[in-house]
Amino acid sequence: MHIVVCIKQVPDSAQIRVHPVTNTIMRQGVPTIINPYDLFALEEAMRLRDEFGGRVTVLCMGPPMAEDALRRALGLGADQAVLITDRRFAGSDTLATSFALATALETLGKEHPIDIVFTGKQTIDGDTAQVGPGIACRLELNQLTYVAAIDSLDKAKGEIVARRRAEGGVQVLKSKLPCLITMLEGANTLRRGSVQDMLRAARAKVTVWSAEDAGVGDLLKCGLRGSPTVVKKVFAPQPREEPAEMVAVEGKTPAQIGDAILDLVFARQPKLEAELTA
Amino acid sequence: MANPPTKPAAGRAGMKKELPEHFKAYRHVWVYVEVERGRVHPVSWELMGEGRKLADKLGVELAAVVLGAKSPELKQVVRQTYHYGADICYICEDATLAEYRNQPYTRALTDLVNTHKPEILLLGATTLGRDLAGSVATTLKTGLTADSTELDVDDEKSLAATRPTFGGTLLCTIHTLNFRPQMATVRPRVMAMPEPDTTRSGRMVWHTLGMNEADIVTKVLDFVADAASNKANLAYADIVVAGGMGLQNPQNFELVKRLAATLGGEYGCSRPVVQKGWMPAERQIGQTGNTIRPKLYIAAGISGAIQHRVGVEGSDLIVAINTDPNAKIFEFAHLGIVADALTVLPALTDAFARRLGVRALAS
Ligand SMILES: Cc1cc2nc3c(=O)[nH]c(=O)nc-3n(C[C@H](O)[C@H](O)[C@H](O)COP(=O)(O)OP(=O)(O)OC[C@H]3O[C@@H](n4cnc5c(N)ncnc54)[C@H](O)[C@@H]3O)c2cc1C
C-alpha cells in the first residue's frame, strides 16, 4: 500500500507573542511544529502500513525550512518525505493550496499508485478544514472527513470501514480505495520514534520539488494569482463602545465583593433573577 | 499557506477588476439548510436571519436549499424556510440523500448553483457543512471563507466575510472578487436566532438529482447517536462560567464548576486549558471551540484574545474577573472585577447561593 500524509508546518501557537504596541505577531524565534492534528493522521497511516505493508510518504507544501517538519515525521517512522516549495506558491489560499498538493500527489502516484491520502482535521493556524476536501475533490478520491476510527480495511477488495464524527452522532461508513481521510484528534496515540528511525531521519534525504518538479503546468492556479479570496482589510478589534463598569474592590471583603457583583448582575438582568429564584 | 494571508494583498485587492461577464448573471443569496436525520441544525436558521439582511441590502431574494429523502418532515422544513425568511426554497428529494454523504450532496448543491446561479452561498460550519462546502467550492473553483464571524456587503455589492487571523489580536475581512458564488461558512451560535414569522410563505423550486444508488461509492452502515447525558451543551446554555490560564492549576477549576452548578449553568474554559489537558476539548469556548450566547457569561482568569472574544460576544452580559486591569477582556466585558479569581469565584458562589436560597455546594 502507498499511503501519503499531507502535513503542514505551523508556528507553535503556545509560544506566539504579540507585540504589545504594534499588535503584530512576533515570529522571530517562535519554534515551529508539525500541525498537531496531522500527527493523528501520520500515526494512523503508519498503523495501517505496519498491518498491511507498504510505505508512508509525508508531503508538505511550505517554505524551505518546512524540511524540519518532514524530517521530524521521518524520525517518527515515515518512509519517505517530499517538500514542495516555490516562491510562486506564496500567498496561496485553500483553493490554490489544494491545487498544488493535488498536483504533487498525482505526480507521486505515477511512481507508486496511492491508496489513501491522509490529512489532519484542520490546521491550528488557519483552521479552515478546507484543504482535505479540496484535494479529494480534485483527485476524485472518496472523501471521509472527521474520522474517529478505521474499523477495517480489506486490501484485496479495496474496501474501508470508518467511523465519521457527525453532528449528534457517529456515521459508520463503508467506502472504497483510493480515498482521502481527514483524521480527528484523539483517534490514536502517537508512537515515539525508534532510535533507528531517528538515526535514519537525520541522514535521510528529503525530496525537494519546485512547482515544475511537482508537475504544476498552470502557474496561474498557484499562489496569490490562483487564490480567489482576497484579504482586503486587517484590523484590530475595537473596544465595546460602552466601557465595562468596574466593580470597586478596594478595602472590601470577598463576601462584599461577591454581593456587589451579584447586585450589578441582577440590576442589569432583572429577568435572570426571577428565573433563577423561580 | 493554507490560511488567508495575514497581510492585505494591497496591490491585487486595490486593482479593481471587472467581474467576468459570465458571472454577472449570478444573483440572490442562498443558505444551505442542513437537515440531518429529519432535524434542521439550528445554525441554518441563524444563517437565514443573516442571509435575509444581506439579501435586503443587495435588493435581491433569499433562497433556502433543502436536500434529503422524500418525507413529511422534509415538507415541514420547506415551510419553515419561508417562516425564517426565504422567498424561494430549492428542494431536491432523492432516496440517495436520506443520509449525508459527500458525493450525492456535492452533486446536488453544485448542480443547483450552476443552474440557478446565486451570488452568495452560506453554510453552517458544522462537520457536515465544512465537508460539503470544501467540495462544492473546489468543484466550482470559487472562494470560500471558513468560520466567518461577521458578514456584510460593501458598496460594490461584494460579500465581506470577517474572521480572526492567526496570532490572536487581529481580524481580517476576506472578499471573493472575481468568482461566483461567494461562499462562507459560519459556526453555530455566532449569529442570532431570528424570530420565525409563521405567516410568511414562498415559492418552491424542484430539482432532480439524477443519480442512482449504484453510482454512489460510500454506504452508510450505521449511525451511532451520541448518548444524550453528560455531554456539555455550552452553545445553548443560558448561563456559562469559564476559567482560563489565570486559574493556574486543574484543581482550581472546581471553583468554576461549583459556581456553574450553583447557577444551574454550564462550565467551560479557554483553549490553552484544553491544550494543557486540564479540561476536555468539548468545554473549549471561542473561535475553535463553542460559540456561546448565554444571558450571563462569567470569565475568570481569561485574558480575552480575539479568538476567545468572537466566541462570547453574543452574550447578553459578560462579567470578567482578572488581576490585570489592562487585560483585553475588559474591552468587551460589561462588568469588570480586577481581583484574584481564586477568591472572587468562591465568594460569588456563596453570594448567589445565599440569595437564591441554595445551599452552597460543599466548599
Ligand atoms: C487559530 C487559533 C485559534 C484559537 N482559538 C481559541 C479558542 O477557540 N478559544 C480560546 O480561548 N483561545 C483560542 N486561541 C488562543 C488565544 O489566542 C489565546 O491564547 C487564549 O485565549 C488565551 O487563554 P487564557 O486567556 O486562558 O490565557 P492567558 O492569555 O495566559 O491569560 C491568563 C489571564 O489570567 C489572568 N490572571 C492570572 N492570574 C489570575 C488570577 N489569580 N485571577 C484572575 N486572573 C488572573 C492574567 O492577567 C491573564 O489575563 C486560539 C489561537 C489561535 C492561534
Filtering segment A:101-127 down to residues that are under 14 Å from A:THR182 (Cβ atoms) and without any contact (Cβ under 8 Å) to a residue 24 or more places away in the chain yields A:ASP127
For B:ILE174: the one exception among (1) within 16 Å of the ligand (Cβ to nearest atom); (2) facing another protein chain (nearest Cβ under 7 Å); (3) assigned to a loop (DSSP other than H, G, I, E, B): (3)
Scan segment B:144-156 and tell me whether some residue there is over 17 Å from A:VAL231 (Cβ atoms) and part of a helix (DSSP H, G or I). no
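Going by what's in this entry, would A:GLU241 be described as more than 8 Å from every other protein chain (Cβ to nearest Cβ) and charged (D, E, K, R)? Break it down stepwise before answering.
Values: more than 8 Å from every other protein chain (Cβ to nearest Cβ): yes; charged (D, E, K, R): yes.
Yes: the conditions hold for A:GLU241.
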Single unsatisfied condition, B:ASN233 versus (1) more than 10 Å from chain A (Cβ to nearest Cβ); (2) closer than 25 Å to B:ALA339 by Cβ; (3) part of a loop (DSSP other than H, G, I, E, B): (2)
Between a residue in segment B:288-306 that is touching a residue at least 60 places away in the same chain (Cβ under 8 Å) and under 26 Å from B:THR343 (Cα atoms) and any residue that is within 12 Å of the ligand (Cβ to nearest atom) and outside any loop (DSSP other than H, G, I, E, B), which pairs come within a Cβ distance under 7 Å, given they are 6 or more apart or on different chains? B:ILE292/B:ILE285; B:ILE292/B:GLY311; B:ILE292/B:VAL312; B:ILE302/B:ALA242; B:ILE302/B:GLY246; B:ILE302/B:HIS308; B:ILE302/B:ILE329; B:ALA305/B:LYS328
Of all helices (runs of 4 or more DSSP H) fully inside segment B:241-350, the set with 2 or more residues that are more than 12 Å from the ligand (Cβ to nearest atom) and away from chain A (no Cβ under 13 Å) is B:253-263
Given the options A:THR32, A:THR57, A:THR22, name the one that is modelled with pLDDT under 95, away from the ligand (no atom under 16 Å from the Cβ) and of a type outside the set (Asp, Glu). A:THR22
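Just one of B:ARG189, B:ARG200 is within 16 Å of the ligand (Cβ to nearest atom), under 24 Å from B:GLY49 (Cα atoms), more than 10 Å from chain A (Cβ to nearest Cβ) and surrounded by fewer than 22 Cβ atoms within 10 Å (Cβ to Cβ); which is it?
Numbers: B:ARG200 fails: within 16 Å of the ligand (Cβ to nearest atom).
That would be B:ARG189, the only listed residue that is within 16 Å of the ligand (Cβ to nearest atom), under 24 Å from B:GLY49 (Cα atoms), more than 10 Å from chain A (Cβ to nearest Cβ) and surrounded by fewer than 22 Cβ atoms within 10 Å (Cβ to Cβ).
Condition check ((1) touching a strand residue (DSSP E or B) at 6+ places or on another chain (Cβ under 7 Å); (2) more than 26 Å from B:VAL190 (Cβ to Cβ)) across all residues:
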site: B:ALA214; (1), (2): no, yes
site: B:ALA225; (1), (2): yes, no
site: B:ALA242; (1), (2): yes, no
site: B:GLN251; (1), (2): no, yes
site: B:LEU259; (1), (2): yes, no
site: B:GLU266; (1), (2): yes, no
site: B:ARG271; (1), (2): yes, no
site: B:ALA281; (1), (2): no, no
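Quick test for you: out of B:ASN233, B:ASN249, pick the one residue that is touching an Asp or Glu at 6+ places or on another chain (Cβ under 7 Å) and more than 22 Å from B:TYR84 (Cα to Cα). Quick ask: steps written out before the conclusion?
Values: B:ASN249 fails: touching an Asp or Glu at 6+ places or on another chain (Cβ under 7 Å).
The unique qualifying residue is B:ASN233.
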Number of the exception - B:ILE239 against (1) touching a Lys or Arg at 6+ places or on another chain (Cβ under 9 Å); (2) surrounded by fewer than 16 Cβ atoms within 10 Å (Cβ to Cβ); (3) at pLDDT 95 or above: (2)
Residue selected from segment B:157-171 under the condition within 16 Å of the ligand (Cβ to nearest atom) and not in a loop (DSSP other than H, G, I, E, B), by the criterion surrounded by the fewest Cβ atoms within 10 Å (Cβ to Cβ): B:LEU171
In segment B:83-127, residues that are acidic (Asp, Glu) and either in a helix (DSSP H, G or I) or not assigned by TED's automatic domain parsing to the domain that holds B:VAL43 (or both) total 1
Checking B:LEU209 against (1) away from the ligand (no atom under 16 Å from the Cβ); (2) within 14 Å of chain A (Cβ to nearest Cβ); (3) surrounded by 12 or more Cβ atoms within 10 Å (Cβ to Cβ); (4) not hydroxyl-bearing (Ser, Thr, Tyr): exactly one of these is not met. Which one? (2)
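Kindly provide the set of residues from segment A:141-158 that are facing chain B (nearest Cβ under 7 Å) and surrounded by fewer than 24 Cβ atoms within 10 Å (Cβ to Cβ), ordered by number.
Step one: of segment A:141-158, the residues facing chain B (nearest Cβ under 7 Å) are A:142-143, A:145-146.
Across segment A:141-158, the qualifying residue is only A:ASN142.
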Under 6 Å between Cβ atoms, at least 6 apart or on separate chains: pull out the pairs that start in segment B:198-214 with a residue that is assigned by TED's automatic domain parsing to the domain that holds B:ARG107 and end on any residue that is acidic (Asp, Glu). B:GLY202/B:ASP87; B:LEU209/B:ASP94
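I'd like the full set of residues that are facing chain B (nearest Cβ under 7 Å) and surrounded by fewer than 21 Cβ atoms within 10 Å (Cβ to Cβ), limited to segment A:109-126.
From segment A:109-126, those facing chain B (nearest Cβ under 7 Å) are A:123, A:125-126; that's our starting set.
Within segment A:109-126, A:ASP125 is the sole residue that qualifies.
Could you pull out the residue among A:ALA104, A:ALA78, A:ALA45, A:ALA73 that is buried (at least 23 other Cβ atoms within 10 Å of the Cβ), within 14 Å of another protein chain (Cβ to nearest Cβ) and among the small types (Gly, Ala, Ser)?
One residue alone meets the criteria, A:ALA104.
The values are calculated or read from the model by the stated rules, or taken from the named source; none is laboratory data. Bear in mind that the values here come from a model prediction, so they are computed numbers and not experimental data. Here the Cβ is made from the backbone with ideal geometry for all residues, glycine too, and neighbour counts use every protein chain on show.
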